[in-house]
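Enquirer: Here's a structure for you.
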Amino acid sequence: MIWRIRDQKTFSRLRHDGRRIRRGPVTVTWVDGPADEPPRVAYAIGKRVGGAVVRNRLRRRLRAIVGELGRLVHPGAYLIAAAPEATALPYGDLRALVSDALTTVSAAARPVAGPAR
């Protein structure tokens with residue numbers, strides 16, 4: 001199960017403390033999180049990518065890819081950004097780029113211990 005990022009504090013942590021991996025037009029920024037919480041993901045698709053229809057289509061494609069690759073998404077917060085070139089990629093190529101980025105992230109990610117219970 002993957003949750004959405006909704007709080008400003010997490011976005012601030014991603015901006016200041018996040019580590020980045022770039023694969024072609026896809027950039028994954030992440031910060032480690034508690035091992036007892038599900039991963040949280042947000043998507044950054046700027047207006048340079050295109051109109052609302054194009055941006056939303058790309059966001060849906062990225063959500064579907066992350067859903068398929070759920071085993072690679074470890075606890076923490078992730079911001080997946082896409083450059084305009086991502087819209088021209090076939091689904092398989094986009095999936096390969098995201099998979100490669102998440103594989104690199106999962107190798108580097110170390111979950112933080114959760115609160116004592």
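Computed from the coordinates by the stated procedures, all read-outs in this text should not be read as laboratory data. Since this is a predicted model, take the numbers as computed values, not measurements. Every residue, glycine as well, gets a Cβ built from its backbone with ideal geometry; the counts of neighbours run over all protein chains shown.
Enquirer: Based on Cβ point charges of +1 for Lys and Arg and -1 for Asp and Glu, what charge dipole magnitude is obtained for the chain about its Cα centre, in debye rounded to the nearest 20?
Expert: The dipole of the chain has a size of about 400 debye.
Enquirer: Nearest 0.05, what FRET efficiency do Glu68 and His16 give at R0 = 35 Å with Cβ-Cβ as r?
Expert: After rounding to 0.05, the efficiency reads 0.70.
Enquirer: Hey, could you pull the Cα Rg and Dmax for the chain, both in Å?
Expert: According to the Cα coordinates of the chain, Rg and Dmax are 13.9, 48 Å.
Enquirer: Would you mind calculating the gained length between Tyr91 and Thr103 on full extension (0.36 nm times residue separation, minus the Cα-Cα distance), in nm to one decimal?
Expert: Additional length available on full extension: 2.5 nm.
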